[in-house]
Structure formats: C-alpha cells, structure tokens
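Notes follow the structure.
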Amino acid sequence: MRTPDVFIKGLGVFLPGTVTVEEAVEKGWYPAFEAELHELGGAAVAGATPAPEMALRAAREAYERCGHRPGDTDLLLYADSWHQGPDGWQPQYHLQRHLVGDDVLAVEVRQGCNGMFGALELGAGYLRGRAAGAGGGRAATALLVAADNFGTPMMDRWTMGPGYVAGDAACAVLLTTEPSFARLLAVGSAAVSEAEQMHRGAEPLFPPGPTTGRPLDFRARNAEFKEAALADGVGTGALVRVHGRTLELVERTLSEAGIGLGDVTRVAYMNYSREIVEQRCMAALGLPLEKSTWEFGRTVGHLGAGDQVVSLDHLLRTGELGPGDHLLMLGVGPGVTLSCAVVRILRSAPWCS
C-alpha cells in the first residue's frame, strides 16, 4: 500500500537494562554451545514493570519529543504478543485513561511479532480516510504502540525459540498526515497460511494453553511442525513459499515506495541470530550484513512486535540514518505472516538535532 501522505512525527522507546548472554550461560539459563553458535549478546529485562506501563512511558516520550498534544490524537493501536495483564482486560485503555483521553478509537492488535506492521497498515489507512473527509481541519494523528514483558512463569526468554532470545521493551510511533521529519512511503503484508502449524505444533486448539498452565515453547512446536512436514511433504513446500513470498513482498513494497533495493540505506529485520539475519534476510536480498541492524539487535533480544521501531529509533539517535536515507523494515510472524515497510528520512528528527 502506497502511503506517501503519511508521516512519522514522533518516536518513543522504553528499553530496560540488559542481562548479557555470558551471565545467562554462567547461571545455567542459556546453553554455552548456543551462545557460540548464534553470537547473541543479551536480552533486555524489565523485571516486574508491566508491559502497559512500559507502553505508557514510550508513548509519553514520543509526544514529548515532538511537542504533540496527546489530546490531539484520533486513533490508538496497541500491538502485543504476550499477556499484558488480568484476563478479560485490554491494555489500550490504560493509555487511554492516562494519556490520550476518551474521544479516541482504541484497539488492541494481536498479530504477534508483526503487530507493529499491522498497526502501521491500519493506522495509515485510517488517517488517509480521515484526512480525505476532514475538509481543512487539523492533521489526523494515530498513536501506535507495542509492548511486551516476557518475564512470566509460562515463558523462558532464553529458550523461547530457535535462534533468538526474548527481550522486554515498548515503543511508540506517532503517525500523522502533517508533513514531518520522516515519511512512510509504503507498507504491506502477505501470508503463507499453510505454514500456520509452524507456531502451533501439535498442541490442541482447546483448551487454550494459558488456561491450563502450559508453557510457550516455539522450539518444540517448530520441531513438531518439521516432523509433520517430513511425514506429508506439505510443510516443506510451505517453507519454500515463505522465502519466495518474502522476496515478492519486498519487491512490491519497494516498487510502491518508488525506490529500488540499491536505494536502501539500512534494513531492520527481526532481532535474531547472526545466521538467521544474514542468510534468511540479508543474503536473500543480496545485501551485506553490515546494512542490517543485527549488531544492535543482538544486544537486546527479540522484542516481540517492537524490533524494527526500536531499531529505527537507535539508528536515528546514533546518526546512522539521516536526511535522504531509506530504511527497509521487514518482519515474519505467526500465520505465517510477512510484513514490510519503507521509511524515508526527510530531515533530522527534532530530538536528534
């Protein structure tokens, strides 16, 4: 989806301190051979700070950095991939009560690791529709947040999945139709639904695992999926199609953005191991690992739906992205869903000047 009339006005991040892989190995949390194999550096750990509180802090920073009034917000989208609080309660209303007020449509986005991409796509569509009927009023604004704290009894962040460890974080994006420092050129998604068992494994659909106290273990589920794939051959073909559809999605999104792969300055992918980032993403695109955000991502862990936005904030603050640069954001999530977005930096962010 082309989105040349949608801009990024503000960014906010809550990133707690990290526990290093060396410490995790020393305490027996993380196998030493995996530390050597995957070359990860650590994971951000929030302790007992609730994910909705982390989201609130990131959102406040986004507003403060760009001087936007929280009350002038038209949409709130809250992306998450892990439990946020009491069952039956939804986290977006914590931000509505303490920040943006009640005259805002607030919706939780449950799209796993690709939740922020879904929020970008939904938010951009909402803002463009609102702008078309505004009749010269103020620019429309959407607050998109993603937050997760994985430090819970049913989750082991150090063995959550193959090739990554889970980190806690929150991030916030202020999308607007008002020209600002960065433009969202295009955002899109695709799916290979025949591979949905990859994240389900052999677990029954009912009763749901959290209601029985069953821990989440993507390693076991992946192994069960591969076993099933060998048995019927369907899963193997699905994995090949994931690769092919990813390349198709990137090509389509770049075309919608009006740029080519050679115009891409940096690539923000999932905060996974070196071999995954290098082989499944960068080599597949024909780009060197140095253009990725792996060196940063390896230090904080896989941050649920926040990897790419937290990396964008890091690149801006460190001066690794500047005016005229393009960031390609790419993600893979349960579904299997594939997501892509292109951001052009127009000028220095106000808080980085």
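Computed values, structure above
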quantity: Residue count for the stretch 78-99, restricted to those that are open to solvent by 10 Å² or more (accessible area, probe 1.4 Å) and in contact with a strand residue (DSSP E or B) (Cβ under 6 Å, 6 or more places away or on another chain); calculated: 4
quantity: Unique match (being surrounded by 13 or more Cβ atoms within 10 Å (Cβ to Cβ), in contact (Cβ under 8 Å) with a residue 24 or more places away in the chain, of a type in the set (A, V, I, L, M) and outside any helix (DSSP H, G or I)) among LEU287, LEU239; calculated: LEU287
quantity: VAL45 vs. criteria free of Cβ contacts under 8 Å to residues at least 60 places away in the same chain and farther than 15 Å from THR141 by Cβ; calculated: no
quantity: Subset of the stretch 24-45 (residues that are in contact with a helix residue (DSSP H, G or I) (Cβ under 7 Å, 6 or more places away or on another chain) and assigned to a loop (DSSP other than H, G, I, E, B)); calculated: TRP29, TYR30, GLU39, LEU40, GLY41
quantity: ALA59 vs. criteria farther than 30 Å from GLN279 by Cβ, part of a helix (DSSP H, G or I) and in contact (Cβ under 8 Å) with a residue 24 or more places away in the chain; calculated: yes
quantity: Options THR152, THR177: the member that is closer than 30 Å to CYS66 by Cβ and over 19 Å from the mean Cα position of the chain (by Cα); calculated: THR177
quantity: Condition broken by THR3, with the remaining ones in (1) outside any strand (DSSP E or B); (2) surrounded by 15 or more Cβ atoms within 10 Å (Cβ to Cβ); (3) not acidic (Asp, Glu) satisfied; calculated: (1)
quantity: Filter result for the condition that a residue is among the β-branched types (Val, Ile, Thr), under 17 Å from VAL264 (Cβ atoms) and assigned to a strand (DSSP E or B), over VAL332, VAL343; calculated: VAL343
quantity: Scope the stretch 6-53; condition open to solvent by less than 50 Å² (accessible area, probe 1.4 Å) and basic (Lys, Arg); matching residues; calculated: LYS9
quantity: Set GLY297, GLY286, GLY319: member being at pLDDT 95 or above and closer than 19 Å to ARG183 by Cα; calculated: GLY319
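Okay, residues lined up against (1) surrounded by fewer than 23 Cβ atoms within 10 Å (Cβ to Cβ); (2) assigned to a helix (DSSP H, G or I); (3) under 20 Å from the mean Cα position of the chain (by Cα):
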residue: ARG245; (1), (2), (3): yes, yes, yes
residue: LEU249; (1), (2), (3): yes, yes, yes
residue: SER255; (1), (2), (3): yes, yes, no
residue: ILE276; (1), (2), (3): yes, yes, yes
residue: GLN308; (1), (2), (3): no, yes, yes
residue: SER311; (1), (2), (3): no, yes, yes
residue: LEU315; (1), (2), (3): yes, yes, yes
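The values are calculated or read from the model by the stated rules, or taken from the named source; none is laboratory data. All values derive from a computational prediction rather than experimental measurement. Please note: Cβ atoms are built from the backbone with ideal geometry, for glycine as well, and neighbour counts cover all protein chains shown. Accessible surface areas use protein heavy atoms only, side chains included; no ligands, DNA or RNA. Shrake-Rupley method; radii C 1.70, N 1.55, O 1.52, S 1.80 Å.
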